[in-house]
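*Asks:* Structure in structure tokens, see below.
Each reported figure results from applying straightforward, stated rules to the coordinates on display, with no laboratory input. What you see is a predicted model; the values in this text were computed from it and never measured. Here the Cβ positions follow ideal geometry from the backbone for every residue, glycine too, while neighbour counts run over all protein chains shown.
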Amino acid sequence: MKNLKKSNSWFTSMKNKSLLFAVLLLTAFSTPVMAGAEATYLYTFSDFTGIIPYSWVRLSIDKERNEIYVIGMSEVKVFNDKGMEIYSFGDDGSLDGIFDVAIDKEGYILVLSYKDDHYKILRCNYRGELKSIIEVKNLPSEFSRFSPTRIRYFKGRIYLIDTSSKRVALVDEKGIFLDGYDINALLDLKEKERYDKQIGGFDLDNEGNMIFTVPTMFRAFVVSPDRTMKTFGSAGNSPGKFSVVAGIAKDDRGNYLVVDTLKSVVMIFDKNFEFLLEFGYRGFAREGLIAPREAVSYKDKIYITQGRKRGVSVFKIITDQEQSQEGRNASS
């Protein structure tokens, strides 16, 4: 009888230890939640006929006018902050091949356009009507084969980004060359490494820092205007680890958003690169994502592009304080 009690005690102890181990294992592989916050699906970009089945489009935000530009198929569609289309332009071919757009301080649309393998910057009004052409001048010899595919604007400077050669040219509003960045040199890449280590996503934050990812390095980078570089990220499939990363952005809270195309998630890191939250999953439910590629953030909303005609999905990060306020508003 004593041996039976001893056996039962041993069994109970091992059972408790197994349960504890299972809990610890589950905790280790579950998605951490940013303290007091969660990501909530809001809506998908639509027009009067319903959801628009976009695949892997590009996004640009006019923060002064609360409008989001969707660039794809050589046309631009403009949406309000509720995700409804309000205008479109470029589909008549008047602006040639549209690769990307940015908005300057006066609200003019800067269109990066290509025709016959030659790029140009078109300055358009809010209706997409051409007002002038900005010719890029005085590029140094190392930019002789420069072919930008992205454009950004920051405090009077136009950033042109060639994601293939990993060079960035800064020009003024008249197109005159001001400065250039060779990201290959910043990353200390040898000639034979450069082709395999392409830029996955690129953006500018509110301080003028360049932020970008290199998927095959499993890293994200932050480069200040004085060329000081910081980096974060590591390879893996667990939450907060990089698999095949693409787009990157910075939100109004100062957090970094990193899109992982293979994992079909968006990861959030704080200003110190500490992992906070991961949301999304591979699936066709409204909260799911299919091969997401790019994300931009504005006023606590996160706009995400994806493949398989899934369109542009919009999520919001809601804190406990905001949830409590919504509850109070609902009850009053």
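*Asks:* Quick check: from the Cα gyration tensor, does the range 136-225 come out rounded (a/c under 1.5), prolate or oblate? All intermediate terms of the calculation are to be shown ahead of the outcome.
*Replies:* Values: a/c = 2.17, a/b = 1.33, b/c = 1.63.
Oblate, since a/c reaches 1.5 and b/c is not below a/b.
*Asks:* Hey, can you grab everything whose amide H is under 5 Å from the amide H of Asp252? Only 5+ residues off in sequence or another chain; H modelled, so Pro and N-termini drop out.
*Replies:* Long-range HN contacts for Asp252: Lys299, Asp300.
*Asks:* Also, quick follow-up: Label points 7 Å out from Cα along the Cβ direction at Ile86 and Asn184: separation in nm?
*Replies:* Rounded to a tenth, the inter-label distance reads 4.4 nm.
*Asks:* Counting other Cβ atoms within 10 Å of each Cβ, which GluC sites (Glu not before Pro) in the range 42-87 have at most 15 and sit in a DSSP loop?
*Replies:* Loop-located and lightly packed - Glu64.
*Asks:* In the structure shown, do any of Lys166/Lys197; Lys82/Lys263; Lys166/Lys192; Lys63/Lys299 have a Cα-Cα gap over 18 Å, and if so which?
*Replies:* Working: Lys166/Lys197 9 Å; Lys82/Lys263 27 Å; Lys166/Lys192 14 Å; Lys63/Lys299 9 Å.
Over 18 Å Cα-Cα: Lys82/Lys263.
*Asks:* Can you give me the C-alpha center-to-center distance between the range 189-218 and the range 33-91, rounded to a whole angstrom?
*Replies:* For the range 189-218 versus the range 33-91, the Cα centre distance is 25 Å.
*Asks:* Show me, for the range 248-262, the HN-Hα J-couplings you get by feeding each phi into the Karplus relation (A = 6.51, B = -1.76, C = 1.60, θ = phi - 60°), rounded to Hz, glycine and proline as x.
*Replies:* Listing the rounded values in order: 9, 8, 10, 8, 6, 8, x, 8, 9, 10, 10, 8, 10, 5, 6 Hz.
*Asks:* Let me ask you something else. Taking other Cβ within 10 Å of each residue's Cβ, how do Met267, Met217, Met229 sort, fewest first?
*Replies:* If I rank by nearby Cβ atoms, fewest first, I get Met229, Met217, Met267.
*Asks:* Let me ask something else about it. Could you tell me which trypsin sites (Lys or Arg not before Pro) in the range 163-249 are loop residues by DSSP with no more than 13 other beta carbons within 10 angstrom of their beta carbon?
*Replies:* On the way: sites: Lys166, Arg167, Lys174, Lys190, Lys192, Arg194, Lys197, Arg219, Arg227, Lys230, Lys241; in loops: Lys166, Lys174, Lys190, Arg194, Lys197, Arg227, Lys241.
Answer in residue order: Lys174, Lys190, Arg227.
*Asks:* So if we plug the beta-carbon distance of Phe284 and Glu75 into 1/(1 + (r/R0)^6) with R0 = 22 Å, what FRET efficiency do we get, rounded to 0.05?
*Replies:* Step by step, r from the Cβ atoms, then E = 0.25.
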